[in-house]
Amino acid sequence: MSSDSVQMMISMILYISVVIFIGVYFAKRANQNSENYYLGGRSLGPWVTAFSAEASDMSGYLLMGVPGLAYWTGMADAFWTAIGLAIGTYVNWLVVAKRLRKYSHVAGNAITIPDFFSNRFKEEKKVIMSICSVFILIFFTVYAASCFVTCGKLFSNMFGFDYHLMMIVGMLLVVTYTFLGGFLAESASDFMQAIIMIFALVVTLIAGTVAAGGISAVIDNLQNIPGFLEFFQIATPVTDEAGVQMIENNLPVFGAARPYGALQAISMLAWGLGYFGMPQVLLRFMAIRKSDELTKSRRIATIWVVISLFAALAIGLVGRAFAPTGYTTASSAENIFSLITSSLMHPLVAGIVMAGILAAAISSSDSYLLIAASALSKNLYQGIFKKDADDKSVMKMSRITLVVIAIIGTFIALDENSVIFSIVSFAWAGFGATFGPLMLFSLFWKRTTREGAIAGMLSGAAMVFIWKLLISPLGGIFGIYELLPSFIVSALVIFIVSKCTKEPSWEIQKEFEESKHFEC
């Protein structure tokens, strides 16, 4: 290993040490009770709430997936996705955050999303809780796998280590400090990681732009690629049978630009709908110490997201000008961020910047593992199978579940040719369509019924699989992102079934009204 690589590794090891220290520091407080472990005792301040929400949301796809997508096919897909996510972030904080903070307290002081839905409809038989918990386990296992892929790709690309070994090391790191410190450790480390992530993006973008000859040179270079800088066209890399882009005269070969219609743009804008169903973000709304502080958190979160997303997109575009033949597959293109960093920066600085990718993966996977573990231990184990289980038993089960889910996620991540953006997009659609419409109806429509809730969740989740596997391959107007049709189907089913079933009890309706005016 070269001296540069050693220096980069030293920086990253120091970062990892700080993360582990945070887990140890919060271990005692987290182990006091399950509410502290899963929700931090509703004690988060506005800055930690905002930064931890966005860091846990923006996984490896922010620093690897989005730049890789822009590097591979140009502006359109990445741009409309970023716009959708930015709008979705703002609207979610504006519309959902304060209402959920109040309602979750009124509804039996719910500390998990399955808890909230089940309490909202006064379930005796915990059907909604069971369905929520199962889908959280499924989709968060897939999500965790995408983060492990990020760790494996990062260390393999940077230091030449074996992908599988590095992926497992990343998994063990995440499990260790989530195991120790729970939600507080996760939120505190996410705060730090959000700062590192935005620093890494801005510094890398500036360095890459300067090295590529400046903004004018980058634009002039990319305008030679058909459709690369267009909003309603998409670049088409010419590849061989193995999916490797052709190279001629030391330049990548692109075919004619393909049209990128309004329907495709709307489809990618639909990424924003996913926020209404993202447990890792919704939990931060529930965990803030005072609902009035959510306004400040919204402003912080929105600014962070806008800067981060568009820096990530720009890095992909600049990367194509900086290293036009650097990567020749969609999967390897996700390493463009690390290539710019390692090529242009002092090794110690590069190590800190590269820790941004590690931060993105860790800050997301710890959230995914903790929420998935709580779904099984708190909601299924204590909520259904062993209702007399004490906090100690619940937390023991949670940690066992955390390890099992991490192992399953590791097996999913074994394919080093996995495209992070594709893995994340499927899990994102799953959460958005399963929980998003129900969250909105639960918070804002008193007439929503338990039967409508169950039917909406099942139909939304089913449509994600049906559209992705059966309908989308038909192409044409059917080739849109599965979240949009699945979200619409779920919303329609909730409305229709609720209208066709007996209206909620007086007790449920009274609690709904009380939550509007509750102060916390």
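Data overview
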| quantity | calculated |
| --- | --- |
| Residue in segment 55-76 that is out of contact with any Ser or Thr (no Cβ under 8 Å at 6 or more places or on another chain) and outside any helix (DSSP H, G or I) present | yes |
| Restricting segment 289-313 to residues that are within 20 Å of the chain's Cα centre (by Cα) and over 19 Å from GLN193 (Cβ atoms), the residue that is surrounded by the fewest Cβ atoms within 10 Å (Cβ to Cβ) | ARG299 |
| Complete set of residues in segment 55-87 that are crowded, with 24+ Cβ neighbours inside 10 Å, more than 21 Å from ALA321 (Cβ to Cβ) and among the aromatic types (Phe, Trp, Tyr) | TYR61 |
| Test: residue in segment 25-38 that is under 28 Å from PHE285 (Cβ atoms) and at pLDDT 80 or above | no |
| Single unsatisfied condition, PHE228 versus (1) within 25 Å of HIS105 (Cβ to Cβ); (2) not in a helix (DSSP H, G or I) | (1) |
| Every pair of residues 6+ apart whose Cβ atoms lie under 7 Å, when the first sits in segment 407-428 and is more than 20 Å from HIS164 (Cβ to Cβ) and at pLDDT below 75 while the second is open to solvent by less than 40 Å² (accessible area, probe 1.4 Å) and not basic (Lys, Arg) | PHE421/TYR61; PHE421/GLY65; PHE421/GLY68; PHE421/LEU69 |
| Those residues of segment 385-396 which are open to solvent by 50 Å² or more (accessible area, probe 1.4 Å) and assigned to a helix (DSSP H, G or I), in sequence order | PHE385, ASP391, LYS392, LYS396 |
| Helices (runs of 4 or more DSSP H) contained entirely in segment 434-520, each with at least 3 residues that are out of contact with any Leu (no Cβ under 7 Å at 6 or more places or on another chain), of a type in the set (A, V, I, L, M) and open to solvent by less than 60 Å² (accessible area, probe 1.4 Å) | 450-466, 483-500 |
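The values are calculated or read from the model by the stated rules, or taken from the named source; none is laboratory data. Please read all numbers here as calculations on a predicted model, not as lab measurements. Every residue, glycine among them, receives a Cβ derived from its backbone with ideal geometry; neighbour counts consider all protein chains shown. Note: accessible area is taken over every heavy atom of the protein model, side chains too, but ligands, DNA and RNA are not part of it. Shrake-Rupley method; radii C 1.70, N 1.55, O 1.52, S 1.80 Å.
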